[in-house]
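The values are calculated or read from the model by the stated rules, or taken from the named source; none is laboratory data. Everything numeric in this text was worked out from a predicted model, so none of it was measured. Counting neighbours? That spans all protein chains shown, and the Cβs are built from the backbone with ideal geometry, glycine included.
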Amino acid sequence: MTIIPTPLEGCLIIKPRIFNDDRGYFFESFNQQRFAEATGFNISFVQDNQSYSTKGVLRGLHLQRGEFSQAKLVRVTKGAVLDVAVDLRKGSATYGQYCSVILSEENNEQFFIPRGFAHGFIVLSDEAVFQYKCDNYYDKASEGGLHYADPDLNIDWQLSGSDVLVSDKDIELPFLKDAPDFGF
């Protein structure tokens, strides 16, 4: 695997080593030992999640607060998404900044997002299957997030207006300037 740092400390793009032949391809999507050696993060993932969405669906920006915060390793197995992480770590040099990466079934890249970040994605293809590993269990009472269209974040989601489908719950999320302390 190849590790590509992003401008946000701890957020990493992971490119797998893909073995192609006339039958198709093979790659190792996760190996705990290799991940720890390559990234320096000794993380135990305890929960795998998967979602299916259609073009324009925007999920985010989500997080788990306090002791239930989660690091995530995300990937797309069908279609393509623009994946976004926002640094919410108090005292971080990049607090309130975001980075984005296109994840697709063609590039097979993964995005590692450490604890202390809000996370979201928008589907760019007709359909997408999105998978992610979490290092902590989901806790409904610890849910939090930021409004996807926060003008201070100024995220370029690559789609806009009537092309974007957002849940009522996500529309209700606060802007960063109005958000509570997330405990990072």
Which residue pairs have Cβ atoms closer than 6 Å, lie 6 or more positions apart in sequence or on different chains, and pair a first residue in the stretch 161-184 that is at positive phi with a second residue that is basic (Lys, Arg) and crowded, with 17+ Cβ neighbours inside 10 Å?
-> Gly183/Arg65
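Of everything in the stretch 37-69 that's among the aliphatic types (A, V, I, L, M) and either in contact with a helix residue (DSSP H, G or I) (Cβ under 6 Å, 6 or more places away or on another chain) or buried (at least 17 other Cβ atoms within 10 Å of the Cβ) (or both), which residue is farthest from Phe117 (Cα to Cα)?
Restricting attention to the stretch 37-69, the residues satisfying the condition of being among the aliphatic types (A, V, I, L, M) are 38, 43, 46, 57-58, 61, 63.
This time we only want the ones that are either in contact with a helix residue (DSSP H, G or I) (Cβ under 6 Å, 6 or more places away or on another chain) or buried (at least 17 other Cβ atoms within 10 Å of the Cβ) (or both), so: 43, 57-58, 61, 63.
Numbers: Ile43: 16, Val57: 20, Leu58: 17, Leu61: 9, Leu63: 7 Å.
Step by step, filter the stretch 37-69, then rank; the result is Val57.
Do the conditions hold for Leu8, that is, is it surrounded by 14 or more Cβ atoms within 10 Å (Cβ to Cβ), assigned to a strand (DSSP E or B) and at negative phi? Working first, answer last.
Working: surrounded by 14 or more Cβ atoms within 10 Å (Cβ to Cβ): yes; assigned to a strand (DSSP E or B): no; at negative phi: yes.
In short, no.
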Filtering the stretch 104-129 down to residues that are of a type in the set (A, V, I, L, M, F, W, C) and under 10 Å from the mean Cα position of the chain (by Cα), which residue is nearest to Val164 (Cα to Cα)?
-> Phe121
Is there any pair with a first residue in the stretch 33-60 that is free of Cβ contacts under 8 Å to residues at least 12 places away in the same chain and a second that is of a type in the set (A, V, I, L, M) whose Cβ atoms are under 7 Å apart and which are 6 or more apart or on different chains, and what are they?
-> Asn42/Ala36
Might you check whether a residue that is farther than 13 Å from Val57 by Cα, touching a Leu at 6+ places or on another chain (Cβ under 9 Å) and of a type outside the set (A, V, I, L, M, F, W, C) occurs anywhere in the stretch 157-164?
-> no
Quick check, is Leu63 aliphatic (A, V, I, L, M), over 24 Å from Gly161 (Cα atoms), modelled with pLDDT of 95 or more and out of contact with any Cys (no Cβ under 9 Å at 6 or more places or on another chain)?
-> yes
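Listed residues Val123, Val101; which is closer than 15 Å to Ser51 by Cβ, β-branched (Val, Ile, Thr) and modelled with pLDDT of 95 or more? Explain how you work it out, then say what you get.
On the way: Val101 fails: closer than 15 Å to Ser51 by Cβ.
Unique residue meeting the criteria: Val123.
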Matching residues in the stretch 105-133 - criterion: being of a type outside the set (A, V, I, L, M), surrounded by 19 or more Cβ atoms within 10 Å (Cβ to Cβ) and not in a loop (DSSP other than H, G, I, E, B) | Gln110, Phe111, Phe112, Phe117, His119, Gly120, Phe121, Phe130, Tyr132, Lys133
Ile102 passes all but one of the listed conditions (1) touching a residue at least 24 places away in the same chain (Cβ under 8 Å); (2) assigned to a strand (DSSP E or B); the exception is number (1)
Residue in the stretch 24-40 that is closer than 15 Å to Gln110 by Cα, within 19 Å of the chain's Cα centre (by Cα), in a loop (DSSP other than H, G, I, E, B) and among the β-branched types (Val, Ile, Thr) present | no
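Could you list, in sequence order, the residues of the stretch 53-83 that are of a type outside the set (Gly, Ala, Ser), under 22 Å from Glu172 (Cα atoms) and not in a loop (DSSP other than H, G, I, E, B)? So that I can check it myself, show each step before the final result.
So in the stretch 53-83, the residues of a type outside the set (Gly, Ala, Ser) come out as 54-55, 57-59, 61-65, 67-68, 70, 72-78, 81-83.
If we keep only those that are under 22 Å from Glu172 (Cα atoms) as well, we get 54-55, 57-59, 61-65, 68, 70, 82-83.
Hits for the stretch 53-83 are Thr54, Val57, Leu58, Arg59, Leu61, His62, Leu63, Gln64, Phe68, Leu82, Asp83.
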